[in-house]
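The values are calculated or read from the model by the stated rules, or taken from the named source; none is laboratory data. This one's a predicted model, so the numbers in the text were calculated from it and none came from an experiment. Cβ atoms come from the backbone with ideal geometry, glycine included; neighbour counts cover every protein chain shown.
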Amino acid sequence: MSTVQELSTKEKPQWCPGCGNFSLHMALKTALSELGIPREKAVMATGIGCSGKSNHYINTYGYESLHGRSVPTAAGIKLANHELTVIAEGGDGDGYGIGSAHFLHSFRRNIDMLYIVHDNAIYGLTTGQASPMTQKGMKTKSTPHGNLEIPFNPLAVAIAAGGTFAARVFAGDIMHMKDVFKQAIAHKGFALVDVLQPCVTFNKLNTFQFWQQRVYKLDATHDTSNKAAALEKAFEEVNSGYAKIPIGVFYKEERPTYESEAPQLQSGPLVKHAVANEAIEKALDEFM
Ligand code: SF4
């Protein structure tokens, strides 16, 4: 296992003081440490945005990919070596906007990995444009007269699209966030954790105080195997006019992962396959 200290790099974070990214990363490193996952057995792929800097500060293997492409990059890593713990990270603009097609299809594919979305309802790195999670009516640099679009609903989409683990947490509750990350990493399949992560610099509406006053934890009375109940909870934020926002695990189910059924992976990870005796002349003739 690796300690939280061993999982931290020496890089000085470039995030704004007070950003929700700090507690998110402390929760993630603590989750990895408590699960006994050594840093050399974990890989993080990120997209572009403030969240894209994540693998500068966590001492696992890492890959900073293109905008909206952390999920397919992480999927490729997992298929190359399914013995690794693989995490994809990105913002709500990155994942729910630019990478939305990857997001949608990842649920039916069910590759075993954790996808963390830094959901701050704004484009932070580019200094405050409306994102897919920006509330209707909110004034931003790109919507000076108020946002005309309603927000995306990632949890409802995840559940409806065949997701096997869908959760939301709040960056202001680090212990709860850590517990949900642990469940998501332990889950065998594609696990989405949407993190309400305040951008303290460019989103003056969805602040720590805003979420603190509205979130509540799903308790044992919520049946995480009941898809209809999970969808109802996923719509509660909008249906209550942002008065009640549930956090916790909304839905989970057991279903075989992609890699557990791929015939090419039954004899072990691709990176451990012997390649020395493979005849490649035919492929070279065809493609070269
Ligand atoms: S711009 Fe917003 S999301 Fe980015 S580091 Fe600053 S506070 Fe965090």
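Return yes or no: is F103 of a type in the set (F, W, Y), buried (at least 18 other Cβ atoms within 10 Å of the Cβ) and without any contact (Cβ under 8 Å) to a residue 60 or more places away in the chain? So F103 passes the test. Looking across the range 176-206, the residues that are more than 20 Å from V157 (Cα to Cα) and among the charged types (D, E, K, R) come down to K178, D179, K182, K204.
Within the range 24-53, the set of residues being within 16 Å of the ligand (Cβ to nearest atom), in contact with a Lys or Arg (Cβ under 9 Å, 6 or more places away or on another chain) and not in a helix (DSSP H, G or I) comprises T46, G47, I48. Six or more apart or on different chains, Cβ atoms under 9 Å: show the pairs whose first residue is in the range 209-227 and closer than 15 Å to R168 by Cα and whose second is surrounded by fewer than 12 Cβ atoms within 10 Å (Cβ to Cβ) and of a type in the set (A, V, I, L, M, F, W, C). Matching pairs, first to second residue: R214/A243.
For every residue, the table says whether it meets (1) within 16 Å of the ligand (Cβ to nearest atom); (2) in contact with a helix residue (DSSP H, G or I) (Cβ under 8 Å, 6 or more places away or on another chain).
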{"residue": "D173", "(1), (2)": "no, no"}
{"residue": "V193", "(1), (2)": "no, yes"}
{"residue": "F210", "(1), (2)": "yes, no"}
{"residue": "Q213", "(1), (2)": "no, no"}
{"residue": "V238", "(1), (2)": "no, no"}
{"residue": "E259", "(1), (2)": "no, yes"}
{"residue": "A276", "(1), (2)": "no, no"}
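Of E89, E64, E83, all but one fail to be within 16 Å of the ligand (Cβ to nearest atom) and closer than 30 Å to A274 by Cα; the exception is E64.
Against the test of being modelled with pLDDT of 95 or more, touching an Asp or Glu at 6+ places or on another chain (Cβ under 6 Å) and within 26 Å of M26 (Cβ to Cβ), the options D112, D119 yield a single qualifying residue, D119.
Taking the listed residues G137, G99, the one that is more than 16 Å from the ligand (Cβ to nearest atom) and at positive phi is G137, with no other qualifying.
For the criterion of being free of Cβ contacts under 8 Å to residues at least 40 places away in the same chain, more than 14 Å from the ligand (Cβ to nearest atom) and either out of contact with any strand residue (DSSP E or B) (no Cβ under 8 Å at 6 or more places or on another chain) or not in a strand (DSSP E or B) (or both), A184 fails.
Counting the residues of the range 25-43 that are in contact (Cβ under 8 Å) with a residue 60 or more places away in the chain, surrounded by fewer than 23 Cβ atoms within 10 Å (Cβ to Cβ) and in contact with a strand residue (DSSP E or B) (Cβ under 7 Å, 6 or more places away or on another chain) gives 1. Among residues of the range 1-23 being crowded, with 18+ Cβ neighbours inside 10 Å and of a type outside the set (A, V, I, L, M, F, W, C), the one that is farthest from the ligand (Cβ to nearest atom) is S2.
The single condition among (1) surrounded by fewer than 12 Cβ atoms within 10 Å (Cβ to Cβ); (2) touching a helix residue (DSSP H, G or I) at 6+ places or on another chain (Cβ under 7 Å) that V249 does not satisfy is (1).
Just one of the listed residues (F181, F170) is among the aromatic types (F, W, Y), crowded, with 19+ Cβ neighbours inside 10 Å, within 20 Å of P151 (Cβ to Cβ) and modelled with pLDDT of 95 or more, and it is F170.
Taking first residues from the range 1-24 that are farther than 14 Å from Y57 by Cβ and touching a residue at least 24 places away in the same chain (Cβ under 8 Å) and partners that are surrounded by 14 or more Cβ atoms within 10 Å (Cβ to Cβ) and of a type in the set (K, R), the Cβ contacts under 7 Å between residues at least 6 apart in sequence or on separate chains come to S2/R39. Among all positions in the range 255-262, there is at least one residue which is in a helix (DSSP H, G or I), modelled with pLDDT of 95 or more, acidic (D, E) and over 23 Å from the mean Cα position of the chain (by Cα).
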